[in-house]
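Taking it in order: structure first as structure tokens, then the write-up.
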Amino acid sequence: MRETVPRKIILDCDPGHDDAMAIILAAGNPDISLQAITTVAGNQTLPKVTLNAQRVCTVAGITNVPVIAGCAGPLVRPLVVAPDIHGESGLDGPQWPEPTVPVTPGHAVDAIIDLVMAAGEGEMTLVPTGPLTNIAMAVRKEPRLVPRVREVVLMGGAYTRGNVTPAAEFNIYVDPEAADIVFSADWSVTMVGLDLTHQARATSAVVDRIAALDTPVARMVVDLLHFFGSSYQQEQGFEAPPVHDPTAVARVINPALVECADAFVAVETMGKWTAGMTVTDFRGKLGFPLAAHVATRLDFDGFWSLMIDAIAAVGQGAAVS
Ligand code: BDR
Ligand code: CA
């Protein structure tokens, strides 16, 4: 018998190779109760990332979690996508079967509001792993949701340097106005940014461990990692790809795996060179409370054990949630 009640989360994502792995970790870990997968335009257009969520759920046998489509573009800016990293489909690499997991009717923003308001106070955690458009829209549409949310643990930002520009990380760069709303709201925000996620590299030893599981899901993940690995090698000179998004889920599952420091985080919405930068003040120089938690150090072995256990669990058709 488990002693802990599984944590209810909504995964708001833009699959995306690493989003796919976040879905698997959230569905395959017994300490998480995945309430919904909501999609947002980011790595690719909304129809593509939503189809990708369906594809991943189909292969992984995740049939009991609604997939709900959300915003097709940022609040005020034109959409920027990332085919250089994720391919034209947003999830290039594997041969995908026709998805059998449907898209649940309705809009992600309404689903987020409804699920948070229906859950007990402080029960629902939001885990965004794409641009923050859906979350910001939910805050604007139903501000009473803010104090009901337990915490927001997001993949995005960086306190040293960006990836899409020298200053900005992709998820924040795509919709800085939305990120500003999310970081400014009166709730607990944990920023799992590039400084942390670049420690979560899928080395060849990690890929070998996944391949050894020899299940359809493991084979899908290996194919994803091969494509993702070659993108990162070509675009950023990485020897092994950083698997960003599941580290935010890992922080929810076991906070000890992702060490954090308190800081004030401001999102740059106007900079000529710095739009989308997450200006991170660890020392209170700007005079604001250090209310955000900023991820600094990953337990590499602990993270990959968790991830590989989840891949094994969904591969056995044991997608819990
Ligand atoms: C983030 O951008 C996307 O390409 C990934 O899915 C991840 O969420 C990393 O900057
Ligand atoms: Ca993502």
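The values are calculated or read from the model by the stated rules, or taken from the named source; none is laboratory data. Here the structure is a predicted model, which is why all the values come from computation and not from measurement. Here the Cβ is made from the backbone with ideal geometry for all residues, glycine too, and neighbour counts use every protein chain on show. Only protein heavy atoms, including side chains, enter the accessible area calculation; ligands, DNA and RNA are left aside. Shrake-Rupley method; radii C 1.70, N 1.55, O 1.52, S 1.80 Å.
Is it true that Val101 is among the aliphatic types (A, V, I, L, M) and free of Cβ contacts under 8 Å to residues at least 60 places away in the same chain?
Answer is yes for this residue.
Filter segment 1-28 for residues that are open to solvent by 10 Å² or more (accessible area, probe 1.4 Å) and assigned to a loop (DSSP other than H, G, I, E, B); which is farthest from ligand 1 (Cβ to nearest atom)?
Across segment 1-28, the extreme among qualifying residues is Met1.
For the structure I just gave you, tell me whether Glu239 is surrounded by fewer than 18 Cβ atoms within 10 Å (Cβ to Cβ) and within 16 Å of ligand 1 (Cβ to nearest atom). Full working, then the answer.
Numbers: surrounded by fewer than 18 Cβ atoms within 10 Å (Cβ to Cβ): yes; within 16 Å of ligand 1 (Cβ to nearest atom): no.
Answer is no for this residue.
Is there any pair with a first residue in segment 120-139 that is surrounded by 24 or more Cβ atoms within 10 Å (Cβ to Cβ) and assigned to a helix (DSSP H, G or I) and a second that is modelled with pLDDT under 95 and of a type in the set (S, T, N, Q) whose Cβ atoms are under 6 Å apart and which are 6 or more apart or on different chains, and what are they?
Sorted first by the residue in segment 120-139, then by its partner, the list stays empty.
So that you can scan it fast, the table gives a plain yes or no per residue for (1) hydrophobic (A, V, I, L, M, F, W, C); (2) part of a helix (DSSP H, G or I); (3) crowded, with 24+ Cβ neighbours inside 10 Å; (4) within 17 Å of the chain's Cα centre (by Cα):
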residue: Trp187; (1), (2), (3), (4): yes, no, no, no
residue: Asp195; (1), (2), (3), (4): no, yes, no, yes
residue: Gly229; (1), (2), (3), (4): no, yes, no, no
residue: Tyr232; (1), (2), (3), (4): no, yes, no, no
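Filter segment 143-164 down to the residues that are under 18 Å from Met124 (Cα atoms), of a type outside the set (Lys, Arg) and open to solvent by 30 Å² or more (accessible area, probe 1.4 Å) and list them by number. Give the steps one after another, and end with the answer.
Filtering segment 143-164 for residues under 18 Å from Met124 (Cα atoms) gives 143-155.
Next, only the ones that are of a type outside the set (Lys, Arg) stay: 143, 145-147, 149, 151-155.
Listed by number, the residues that qualify are Pro143, Pro147, Glu151.
Between a residue in segment 162-184 that is within 12 Å of Thr269 (Cβ to Cβ) and part of a helix (DSSP H, G or I) and any residue that is open to solvent by less than 20 Å² (accessible area, probe 1.4 Å) and at pLDDT below 95, which pairs come within a Cβ distance under 7 Å, given they are 6 or more apart or on different chains?
Listed by first residue and then by second, the contacts come to nothing, as the list is empty.
Kindly evaluate Gly276 against the criterion of being farther than 17 Å from Glu169 by Cβ and not basic (Lys, Arg). Spell out the reasoning first.
On the way: farther than 17 Å from Glu169 by Cβ: no; not basic (Lys, Arg): yes.
No: the conditions fail for Gly276.
Can you tell me which condition Val116 does not meet? The list is (1) crowded, with 24+ Cβ neighbours inside 10 Å; (2) away from ligand 1 (no atom under 16 Å from the Cβ); (3) under 30 Å from Trp273 (Cβ atoms), and all the others hold.
The one condition Val116 does not meet is (3).
Yes or no: Met307 of a type in the set (A, V, I, L, M) and open to solvent by 20 Å² or more (accessible area, probe 1.4 Å)? I'd like the intermediate steps shown before the answer.
Values: of a type in the set (A, V, I, L, M): yes; open to solvent by 20 Å² or more (accessible area, probe 1.4 Å): no.
Criteria not met by Met307.
Would you point out which residue out of Val249, Val217, Val222, Val206 is of a type in the set (A, V, I, L, M, F, W, C), surrounded by 15 or more Cβ atoms within 10 Å (Cβ to Cβ), without any contact (Cβ under 8 Å) to a residue 24 or more places away in the chain and assigned to a helix (DSSP H, G or I)?
Criteria check complete, one pass: Val222.
Just name the residue that is nearest to ligand 1 (Cβ to nearest atom) out of those in segment 29-49 that are hydroxyl-bearing (Ser, Thr, Tyr) and open to solvent by 10 Å² or more (accessible area, probe 1.4 Å).
Checked segment 29-49; the qualifying residue nearest to ligand 1 (Cβ to nearest atom) is Thr45.
When you scan segment 43-68, how many residues do you find that are assigned to a loop (DSSP other than H, G, I, E, B) and either at positive phi or over 15 Å from the mean Cα position of the chain (by Cα) (or both)? Spell out how you get there, then give the answer.
Just the residues of segment 43-68 that are assigned to a loop (DSSP other than H, G, I, E, B), to begin with: 43-45, 61-66.
From the residues that got through so far, the ones that are either at positive phi or over 15 Å from the mean Cα position of the chain (by Cα) (or both) too are 45, 61-66.
Qualifying residue count, segment 43-68: 7.
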